[in-house]
Amino acid sequence: MTATNFIKTDEIRYQFSIAMSTMYQKEVPLYTNLIELVNEVNESVMQQQPEIKQQLINTGELDRLSAERHGAIRLGTAQELETMRRLFAVMGMYPVGYYDLTPAGVPVHSTAFRAVTTEALNISPFRVFTSLLRLELIEDESLRSKAKQALENRNIFTDRVIELIETFEKQGGLTSEQGEEFVREALETFRWHESSPISKSLYEQLLSQHGLIADIVGFKGPHINHLTPRTLDIDAVQQGMSQRNIPPKDIIEGPPRRNCPILLRQTSFKALEEAVNFTGDAGDAVAGTHTARFGEIEQRGVALTPKGRALYDQLLNAARTKLGSTPNASNASQYYQLLSQEFEAFPDDYHSLHEQGLAYFYYQLNEDKLEAGVSMQQVDELVSQGVLRIEPIVYEDFLPVSAAGIFQSNLKDNKQSSYQGNSNQADFEKALGRPVYDELELYSKLQQQSLERCLNALQRVS
């Protein structure tokens with residue numbers, strides 16, 4: 001079978017993201033209301049600020065804006081993570097970045113599965129933030145053993161999806177028919193289950209350790225716990241949620257509001273309390289509840305260079321240190337004020353960000369500047385003369401502090417403020433079965449490739 005008979009992995013990812021969104025809207029109807037709110041806000045922003053719409057057109061992001069952006073799952077074992085990597089590869093999604101959430105009191109480490117080229121991302125920007133439980137951080141040896149046994153007893157993948165993954169790996173692709181079947185079978189892994197394979201007593205013991213441990217161990221599979229649309233104005237969405245009786249979390253995570261957004265800002269509506277039937281001693285059902293699934297919103301800005309990221313971390317840490325406690329409802333106003341004050345030190349126009357090497361940009365030719373011909377010059381000079389246009393490369397990844405803040409705001413009775421375990425990327429990659437991509441290298445490569453295309457075009461006309 002030749003490659004021409006195979007459906008593109010980007011198309012499988014696109015189909016899967018639509019199927020996932022449809023399923024989640026049925027499972028969490030409030031999410032549909034959230035999508036409607038985000039779409040209204042985005043349309044309003046583009047009408048009032050046409051320069052933002054033009055920027056999205058220039059970077060190829062306009063058509064993908066309304067697409068689902070990311071989901072999140074939590075896995076329990078190395079085998080689950082390794083198989084999940086193979087499953088996502090069928091959809092052209094690869095592990096990018098390593099995130100250690102233990103310093104913020106969340107006993108997992110994570111990566112983001114996503115496409116890695118601009119073209120593929122613009123076809124479907126769907127990504128899944130995927131966390132692996134660090135069982136060794138459960139201090140109670142007996143409870144840790146029970147959790148391990150519960151995880152070993154489950155199988156989160158259908159037999160057929162494993163067969164299709166193996167077919168993809170052997171053939172180098174799937175046919176359209178196989179791709180459609182793969183989407184149906186893969187979706188089963190992410191579906192919500194109202195019944196739990198563990199007892200209510202064990203669930204409550206796990207919950208007393210950490211809400212996220214109970215969420216991972218207590219179910220048949222890694223139900224998708226949120227899907228995230230992208231907004232162009234997260235402050236407007238936060239306000240709009242309150243007006244529509246959608247309860248928002250207290251703090252927008254990430255940088256403050258800016259003219260030129262950087263990295264990632266996130267908020268969510270608070271997790272739902274959902275009915276669950278736990279397994280009784282006699283195999284009967286024991287009624288209970290679980291709180292984990294929620295709706296998240298994100299506003300993405302320009303990706304930062306190592307220099308820019310260091311400045312971001314410095315200013316964010318300074319604001320949080322001055323606050324003296326975890327940002328919450330009671331100190332939200334003070335926190336936002338401190339954050340804005342600290343980030344006055346971070347340039348808020350794209351040309352300054354470019355000149356100071358703080359952010360990554362696409363270089364694009366202004367065709368109307370080429371008619372009379374131009375001479376080869378330094379890049380900064382070509383930009384200042386308008387021969388080259390810079391457009392922000394959108395940040396496609398995540399922020400550990402923000403991710404932890406989202407998780408913590410939607411967990412129940414969490415008493416653990418931090419864990420003593422060391423960051424362990426090597427162990428994570430061993431479980432994963434391959435190294436993760438360095439996201440900064442990916443952004444740098446995109447910027448360099450765009451520059452080379454422009455310079456080659458300039459050489460032809462000069």
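Somewhere in region 289-306, is a residue in contact with a Gly (Cβ under 7 Å, 6 or more places away or on another chain) and open to solvent by 10 Å² or more (accessible area, probe 1.4 Å)?
Yes: region 289-306 contains one or more residues that are in contact with a Gly (Cβ under 7 Å, 6 or more places away or on another chain) and open to solvent by 10 Å² or more (accessible area, probe 1.4 Å).
Among all residue pairs at least 6 apart or on different chains, which show Cβ distances below 7 Å where the first residue, located in region 18-30, is over 17 Å from Leu272 (Cβ atoms) and the second is β-branched (Val, Ile, Thr) and open to solvent by less than 40 Å² (accessible area, probe 1.4 Å)?
Taking only residues 6 or more apart or on different chains, the pairs are Ala19/Val183; Met20/Ile224.
Which condition number in (1) out of contact with any Pro (no Cβ under 8 Å at 6 or more places or on another chain); (2) crowded, with 18+ Cβ neighbours inside 10 Å; (3) hydroxyl-bearing (Ser, Thr, Tyr) is the one that Tyr99 fails?
The number of the failed condition is (1).
Checking Pro222 against (1) within 22 Å of Phe346 (Cβ to Cβ); (2) under 17 Å from the mean Cα position of the chain (by Cα); (3) modelled with pLDDT of 90 or more, which single condition isn't satisfied?
(1)
From Thr267, Thr289, which residue is among the β-branched types (Val, Ile, Thr) and within 22 Å of the chain's Cα centre (by Cα)? Quick ask: steps written out before the conclusion?
Numbers: Thr289 fails: within 22 Å of the chain's Cα centre (by Cα).
Only one candidate passes the filter, namely Thr267.
It is to be established whether one or more residues within region 260-278 are within 24 Å of His210 (Cα to Cα), surrounded by fewer than 23 Cβ atoms within 10 Å (Cβ to Cβ) and among the basic types (Lys, Arg).
Taking every residue of region 260-278 in turn, at least one turns out to be within 24 Å of His210 (Cα to Cα), surrounded by fewer than 23 Cβ atoms within 10 Å (Cβ to Cβ) and among the basic types (Lys, Arg).
Whether any residue in region 148-157 is in contact with a helix residue (DSSP H, G or I) (Cβ under 6 Å, 6 or more places away or on another chain), under 21 Å from Met23 (Cβ atoms) and without any contact (Cβ under 8 Å) to a residue 40 or more places away in the chain is what I want to check.
No, because not a single residue in region 148-157 is in contact with a helix residue (DSSP H, G or I) (Cβ under 6 Å, 6 or more places away or on another chain), under 21 Å from Met23 (Cβ atoms) and without any contact (Cβ under 8 Å) to a residue 40 or more places away in the chain.
Determine whether Ser375 is at pLDDT below 95, loosely packed, with under 15 Cβ neighbours inside 10 Å, of a type in the set (Ser, Thr, Tyr) and not in a helix (DSSP H, G or I). I'd like the intermediate steps shown before the answer.
Working: at pLDDT below 95: yes; loosely packed, with under 15 Cβ neighbours inside 10 Å: yes; of a type in the set (Ser, Thr, Tyr): yes; not in a helix (DSSP H, G or I): yes.
Answer is yes for this residue.
May I ask you to verify whether Lys249 is within 26 Å of Glu194 (Cβ to Cβ) and open to solvent by less than 60 Å² (accessible area, probe 1.4 Å)?
Numbers: within 26 Å of Glu194 (Cβ to Cβ): yes; open to solvent by less than 60 Å² (accessible area, probe 1.4 Å): yes.
In short, yes.
Among residues belonging to region 315-347 that are hydroxyl-bearing (Ser, Thr, Tyr), assigned to a helix (DSSP H, G or I) and surrounded by fewer than 20 Cβ atoms within 10 Å (Cβ to Cβ), point out the one that is modelled with the highest pLDDT. Spell out how you get there, then give the answer.
Our first condition is that a residue be hydroxyl-bearing (Ser, Thr, Tyr); within region 315-347, this holds for 321, 325-326, 330, 333, 335-336, 340.
Okay, now just the ones that are also assigned to a helix (DSSP H, G or I), so 321, 330, 333, 335-336, 340.
Imposing the further condition that a residue be surrounded by fewer than 20 Cβ atoms within 10 Å (Cβ to Cβ) reduces the set to 321, 330, 333, 336, 340.
Working: Thr321: 90, Ser330: 86, Ser333: 89, Tyr336: 91, Ser340: 94.
For region 315-347, the residue satisfying everything is Ser340.
Restricting to region 45-77, name every residue that is open to solvent by 50 Å² or more (accessible area, probe 1.4 Å) and over 21 Å from Glu119 (Cα atoms).
Selection gives Gln47, Gln48, Gln49, Pro50, Glu51.
Name the single residue that is nearest to Ala19 (Cα to Cα) among those in region 78-90 being over 18 Å from the mean Cα position of the chain (by Cα) and either open to solvent by less than 10 Å² (accessible area, probe 1.4 Å) or not hydrophobic (A, V, I, L, M, F, W, C) (or both).
Going through region 78-90, the residues over 18 Å from the mean Cα position of the chain (by Cα) turn out to be 78-80, 82-83, 86, 90.
Imposing the further condition that a residue be either open to solvent by less than 10 Å² (accessible area, probe 1.4 Å) or not hydrophobic (A, V, I, L, M, F, W, C) (or both) reduces the set to 79-80, 82-83, 86, 90.
Numbers: Gln79: 25, Glu80: 22, Glu82: 23, Thr83: 21, Arg86: 19, Val90: 16 Å.
My answer is Val90.
Could you check region 301-314 and list, in sequence order, the residues that are small (Gly, Ala, Ser) and either in a helix (DSSP H, G or I) or over 23 Å from the mean Cα position of the chain (by Cα) (or both)?
Of all residues in region 301-314, those small (Gly, Ala, Ser) come to 301, 303, 308, 310.
The answer is Gly308, Ala310.
Restricting attention to region 158-178, and to residues there that are assigned to a loop (DSSP other than H, G, I, E, B) and in contact (Cβ under 8 Å) with a residue 60 or more places away in the chain, which single residue is most open to solvent (accessible area, probe 1.4 Å)?
The first filter runs over region 158-178 and keeps only residues assigned to a loop (DSSP other than H, G, I, E, B), leaving 158, 172-173, 175.
When the remaining residues are screened for being in contact (Cβ under 8 Å) with a residue 60 or more places away in the chain, the result is 172-173, 175.
Working: Gly172: 57, Gly173: 4, Thr175: 31 Å².
Here the answer is Gly172.
Which count do you get for residues in region 389-417 that are touching a helix residue (DSSP H, G or I) at 6+ places or on another chain (Cβ under 6 Å) and at pLDDT below 90?
Total meeting the criteria: 4.
Is it fair to say Ile12 is surrounded by fewer than 21 Cβ atoms within 10 Å (Cβ to Cβ) and assigned to a helix (DSSP H, G or I)?
Values: surrounded by fewer than 21 Cβ atoms within 10 Å (Cβ to Cβ): no; assigned to a helix (DSSP H, G or I): yes.
Spelling it out, it is not the case that Ile12 is surrounded by fewer than 21 Cβ atoms within 10 Å (Cβ to Cβ) and assigned to a helix (DSSP H, G or I).
Residues to consider are Leu202, Leu212; find the one that is more than 16 Å from the chain's Cα centre (by Cα), in contact (Cβ under 8 Å) with a residue 60 or more places away in the chain and in a helix (DSSP H, G or I).
Exactly one of Leu202, Leu212 is more than 16 Å from the chain's Cα centre (by Cα), in contact (Cβ under 8 Å) with a residue 60 or more places away in the chain and in a helix (DSSP H, G or I), namely Leu212.
Output the residue which, of all residues in region 215-237 that are in contact (Cβ under 8 Å) with a residue 40 or more places away in the chain and open to solvent by 30 Å² or more (accessible area, probe 1.4 Å), is farthest from Gln299 (Cα to Cα).
Lys220
Taking interchain pairs and intrachain pairs at least six residues apart, which have beta carbon atoms under 6 angstrom, with the first residue in region 433-457 and part of a loop (DSSP other than H, G, I, E, B) and the second open to solvent by less than 30 Å² (accessible area, probe 1.4 Å) and among the polar types (S, T, N, Q)?
Sorted first by the residue in region 433-457, then by its partner, the pairs are Val436/Thr111.
The values are calculated or read from the model by the stated rules, or taken from the named source; none is laboratory data. All values derive from a computational prediction rather than experimental measurement. Counting neighbours? That spans all protein chains shown, and the Cβs are built from the backbone with ideal geometry, glycine included. All accessible areas refer to the heavy atoms of the entire protein, side chains included, with ligands and DNA or RNA removed. Shrake-Rupley method; radii C 1.70, N 1.55, O 1.52, S 1.80 Å.
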